[in-house]
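Chemist: The structure is given below, and queries will be raised subsequently.
Nothing in this text is a laboratory measurement; each read-out follows from the coordinates by a stated rule. Owing to the predicted nature of the structure, the values given are computational and were not obtained by experimental measurement. For neighbour counting, all protein chains shown are included, and Cβ atoms are generated from backbone atoms with ideal geometry for every residue, glycine included.
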Amino acid sequence: MNLKINLPAEPKNVREWLFFGKAFLKERKIESYSLDSEILLMFVLNFSKVQLFTKDNYVLSEEEKECYLKLLEKRGVHMPVQYIIGKCEFMGLKFVVNSSTLIPRGDTEILVERVIDFIKENNFKSVLDIGTGSGDVAVSAAAYCPSVKVTAADISKEALKTAEKNAEINNVSDRINFVESDVFQNIVSKFDIIVSNPPYIKTDVIKSLMPDVRDYEPVSALDGGSDGLYFYRKIISECKNFLNRNGVLIFEIGYDQAFEVLELLRKSGFDSIEIGQDLAGLDRVISCVYRD
């Protein structure tokens with residue numbers, strides 16, 4: 001065993017290995033050390049959270065020990081847990097994730113919930129998701145709104161493959177059309193909703209992000225240009241050719257970008273602009289209506 005944690009003896013059962021994993025990750029400054037050690041051991045043993053504690057006397061096999069150690073080592077150098085195990089949960093749905101896409105985050109559920117509200121309130125039938133990544137927004141909208149058709153666009157072929165797999169896992173492949181497109185480049189239809197969670201981190205800020213994000217998630221899905229607004233400008237300037245009358249444009253935004261994006265929308269003639277907050281009370285979503 002190469003891990004440098006002093007224990008009275010090598011761990012044997014689940015309880016001892018959990019203690020070991022938490023101590024190892026804590027020593028390596030992993031803030032979520034307790035939860036992460038549990039998730040990794042659950043993955044290795046194919047245990048539920050309940051089984052992890054009701055079967056805490058279960059003795060790991062040599063193969064299970066080696067697997068758990070390898071996963072701990074990966075997490076110890078800040079590789080995100082979701083990339084290590086290749087999956088995550090979002091909007092109560094199961095998603096596969098890999099290094100070609102951003103990891104779906106809880107904040108983005110605010111965006112999806114607002115999209116679902118617009119669909120149901122207005123009986124909308126069509127959605128375009130720009131920069132679909134893992135497909136979290138597109139798949140969730142299709143899963144919770146059976147009457148809607150979704151087009152999911154991304155410039156990355158690998159991201160689209162991942163999104164297609166997630167559509168299959170969640171049984172919505174028949175209602176999502178995947179398009180390789182740089183924003184609107186290969187889009188030919190009009191839609192009731194255009195939604196995007198675009199790259200919005202300022203270029204010079206990326207190097208200061210947590211290593212979990214900076215060193216592992218795709219830079220192309222993070223970098224929003226020198227002021228973080230590149231994709232907002234591009235989408236706002238071109239979207240009217242692809243929005244139905246009284247259609248909705250909705251974005252996820254950085255916590256400090258609401259005013260700047262609002263001004264871009266106002267200057268482009270959008271109205272009914274609304275800003276929504278996340279659970280921490282930070283600006284997270286901005287929406288508007290196209291009246292022309």
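Chemist: Can you tell me which lysines have their Cα less than 16 Å from the Cα of K29? Leave out same-chain residues fewer than eight positions away.
Modeler: K4, K74
Chemist: Another question about this same structure. With angles folded into 0 to 90 degrees, how steeply does helix 258-267 sit against the dominant principal axis of the chain? Use alpha carbons for both and round to 10.
Modeler: So the inclination is approximately 20 degrees.
Chemist: Which aspartates and glutamates have a Cα less than 15 Å from the Cα of K49, not counting those fewer than 8 places away in the same chain?
Modeler: By straight Cα distance, K49 reaches D36, E38, E89.
Chemist: Using a Gaussian network model of the chain with C-alpha springs under 10 Å, which one of L128, L262, L249 is most mobile by mean-square fluctuation?
Modeler: L262
Chemist: So if I restrict to the alpha-carbon atoms in the chain, what is the Rg, and what is Dmax, the biggest pairwise distance, in Å?
Modeler: 21.4, 73
Chemist: Then there is this: Given just the C-alpha atoms of the range 14-77, how large is their convex hull per residue in cubic angstrom?
Modeler: Dividing the Cα hull volume of the range 14-77 by its residues yields 64 Å³.
Chemist: Given a 10 angstrom Cα cut-off, can you work out which residue in V44, V172, V183 is the most mobile in a GNM of the chain?
Modeler: Highest fluctuation among the options: V44.
Chemist: Please get the size of the charge dipole for the chain, origin at its Cα centre, with Cβ charges of +1 on Lys and Arg and -1 on Asp and Glu, quoted in debye to the nearest 20.
Modeler: The dipole of the chain has a size of about 200 debye.
Chemist: Let me ask another. What number, rounded to the nearest 500 deg cm²/dmol, is the helix-based mean residue ellipticity at 222 nm of the chain, given -39500 (n - 2.57) per DSSP H run of at least four residues and division by all its residues?
Modeler: For the chain, the value works out to -11500 deg cm²/dmol.
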